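Student: Dumping the structure here so I can ask a few things about it.
Read-outs: derived from the displayed coordinates by stated rules, not from any lab. None of these values were measured; they are calculated from a predicted model. Don't worry about glycine lacking a Cβ; one is built from the backbone with ideal geometry, like all the others, and counts go over all protein chains shown.
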Amino acid sequence: MPTGRGGALAIIDRVPPRPDATWSPVPPPAPPAIPVEAIAGDAAFRRLASLRGVAHDLRYAGSRNFAGRDWYRGLDCAWLRAEAAAGLEAAAAWLAARRPGWRLLVLDALRPQRVQEAIWRDVAGTPAEPYFADPAQGSIHSFGMAVDVTLLDAQGREADMGSGFDEMTPASHPALHAQHLASGRLSAAQLAQRRWLHDAMAAGGFSGIPTEWWHFDHGDRDRVRRELPRID
């Protein structure tokens, strides 16, 4: 059996060692968090007011929300990350091309971690808890990559969606649309409005969730939490 430099043993010597089956790569650390007060100077974010075809009325900056209180207390939260902002403009353009004069109305966008923690203290252990992300895991709102949104008609009126924003009942669950239509809880016209909203947001790269017709995430949740800085 040859053992020289070109022989079989030399070839075997060049075979890489088999990795330990128990070894796994260590994930990189998450990017450092950014205070919401620093957003205005960060090119990775865009103001909601700059988005074409999009209006906003942030309900957590006033009393028109589930708790009837101002959660933002003067914090400027009318922002999204640039990629989500571009997606929202694309969604608004898709809608306007098919329903001239119709626009998107953002009801919530960037929600700082400190606010998510305050909300969690309020809802933990209550029937509202399933509708909010545990801040230990992280809300996609807290990365500027989620929006709560509805439709405005050509006269500037909010569309009838069959249940209100922050109405935390089964009537708000897209997963139950067929059931609600069959029971008469929601009308075909109300479900059609929800479908218009869903399709517009999908055109902008957003995906909805089963329990809130108004909530949409941009991008993969795991990647967002792993790779993007959280806003505190």
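Student: With no solvent and one equal point scatterer per Cα, compute the Debye intensity ratio I(q)/I(0) for the chain at 0.15, 0.17 Å⁻¹ and report its log10, rounded to two decimals.
Tutor: Values, matching the q order: -1.02, -1.28.
Student: Further question: Considering every Cα-Cα pair within the stretch 28-75, what fraction, in whole percent, is farther apart than 12 Å?
Tutor: 73 percent
Student: Let me ask something else. Using just the Cα positions, wrap the stretch 49-120 in a convex hull and report its mean projected area in square nanometres, one decimal place.
Tutor: 5.3 nm²
Student: Determine the relative contact order of the stretch 123-206: mean sequence separation of Cα pairs under 8 Å and six or more apart, normalised by residue count, in whole percent.
Tutor: About 21 percent, as a whole number.
Student: Whole-Hz Karplus ³J(HN,Hα) for the stretch 82-92, in order, using 6.51 cos²θ - 1.76 cosθ + 1.60 and θ = phi - 60°, x for Gly and Pro?
Tutor: Per residue, the Karplus-derived 3J(HN,Hα) values read 4, 5, 5, 4, 5, x, 5, 4, 5, 5, 5 Hz.
Student: So who's got an amide H within less than 5 Å of the one on W79, skipping anything under 5 residues away but keeping other chains? H placed 1.01 Å off N, in plane.
Tutor: It is L48, L110, by chain and number.
Student: ³J(HN,Hα) across the stretch 160-171 via Karplus (A = 6.51, B = -1.76, C = 1.60, θ = phi - 60°), whole Hz, x for Gly/Pro?
Tutor: Karplus-based 3J(HN,Hα) across the stretch 160-171 equals 7, 9, x, 8, x, 4, 6, 7, 8, 9, x, 4 Hz.
Student: Can you work out the base-10 log of I(q)/I(0) for the stretch 144-232 at q = 0.12, 0.18 1/Å, using the Debye formula on its C-alpha atoms alone?
Tutor: -0.41, -0.82
Student: Also: For the stretch 79-171, I need the span (max minus min coordinate) of the C-alpha atoms along each principal axis, in Å, sorted largest to smallest.
Tutor: Principal axes ranked by extent give 44, 31, 16 Å for the Cα atoms.
Student: Could you tell me the calculated FRET efficiency between A118 and T169, based on Cβ-Cβ distance and R0 = 25 angstrom, to the nearest 0.05?
Tutor: 0.60
Student: Continuing with this model, one more query. For the stretch 175-187, take each phi angle, set θ = phi - 60°, evaluate the Karplus expression 6.51 cos²θ - 1.76 cosθ + 1.60, and give the result in whole Hz per residue in order, putting x for glycine and proline.
Tutor: 5, 10, 4, 4, 5, 5, 5, 5, 7, x, 5, 10, 8
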